[in-house]
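Worksheet: the structure to be examined is printed underneath.
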Amino acid sequence: MAESARRKAGADVDAAVRELLLLMPRMASRVKRIPVPEVLQPQALAPRHLSLLSCLLFDGPMTVNELAARLEVAPTTVSLMVGDLNGKGILDRREDPSDRRRRIVAITPDQHDAIAAWLAPGAAAWRRVLTPLTPAQRRLFVDTLRAYEVAVAEEREH
């Protein structure tokens with residue numbers, strides 16, 4: 001690659017970095033402004049709860065191990081979150097009819113509509129922007145966000 005082409009590529013990357021450094025805080029701010037439904041406000045839900053609730057809302061009831069795999073965390077972490085949300089009346093743990101030793105975790109019926117209404121705007125926005133992309137473009141987008149998350153963690157360690 002010629003030196004001028006290398007400089008242009010570097011300038012293009014720097015321009016994209018500047019644009020993203022402006023965009024990411026605005027995106028985070030908008031997400032934080034999505035109001036928590038009144039019925040859920042006293043529950044002091046954290047972002048980690050949002051991910052867990054999203055999995056249950058979109059994929060339905062599942063075991064703690066299945067949730068842990070989806071959330072990419074340890075089963076003990078999920079078990080603690082489930083216990084917390086179960087105590088708040090947001091989640092229900094019931095026996096798996098096919099294996100009585102396992103517990104199935106689900107959103108309680110009386111909280112389901114509030115959680116769905118809370119998460120729907122974000123899901124609708126993602127669908128709107130991802131639908132026009134090809135599967136390969138969607139994969140690239142998600143992979144890029146994952147790589148950014150890893151890179152930020154690595155930079156903080158140095």
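The values are calculated or read from the model by the stated rules, or taken from the named source; none is laboratory data. Predicted, not measured: the structure shown is a model, and the values here were computed from it. Cβ coordinates were reconstructed from backbone atoms using ideal geometry, including for glycine residues, and neighbour counts include every protein chain displayed. Remember, those area values only see protein heavy atoms, side chains included, never the ligands or the DNA or RNA. Shrake-Rupley method; radii C 1.70, N 1.55, O 1.52, S 1.80 Å.
What order, most packed first, do the peptides 114-126, 144-156, 93-105 have when packing is the mean number of other Cβ atoms within 10 Å of each residue?
Packing order, densest peptide first, comes out as 114-126, 93-105, 144-156.
Leaving out ligands, DNA and RNA, and with a 1.4 Å probe, what % of the accessible surface on the stretch 1-134 is carbon or sulfur?
Within the stretch 1-134, the accessible surface is 59 percent carbon and sulfur.
If you roll a 1.4 Å probe over the heavy atoms of the protein chains, what accessible area per residue do you get for the chain, in Å²?
I get 72 Å² per residue for this part.
Using a 10 Å cut-off on Cβ atoms, rank the peptides 24-31, 45-52 from the highest mean neighbour count down.
45-52, 24-31
Along the principal axes of its C-alpha atoms, what lengths does the chain span, in descending order and rounded to whole Å?
66, 35, 33
Using helices alone, what [θ] at 222 nm do you get for the chain, with -39,500 (n - 2.57) per DSSP H run of 4 or more residues, divided over all residues and rounded to the nearest 500?
Only helices count here, giving -23500 deg cm²/dmol.
Just from the alpha-carbon atoms, what are the Rg and Dmax of the stretch 106-158 in angstroms?
Just the Cα atoms of the stretch 106-158 yield Rg and Dmax of 16.2, 47 Å.
Pop out the ³J(HN,Hα) list for the stretch 93-102 in order, Karplus 6.51 cos²θ - 1.76 cosθ + 1.60 with θ = phi - 60°, rounded to Hz; leave Gly and Pro as x.
Working through the residues one at a time gives 10, 9, 5, 6, x, 8, 8, 5, 7, 8 Hz.
With a Förster radius of 25 Å, plug the Cβ-Cβ distance of Leu145 and Ala106 into 1/(1 + (r/R0)^6) and report the FRET value to the nearest 0.05.
0.30
Within the chain, which whole H helices from DSSP have a Cα span along their axis of at least 15 Å and a mean Kyte-Doolittle hydropathy of -1.0 or more, if any?
3-32, 47-59, 75-87, 109-130, 135-157
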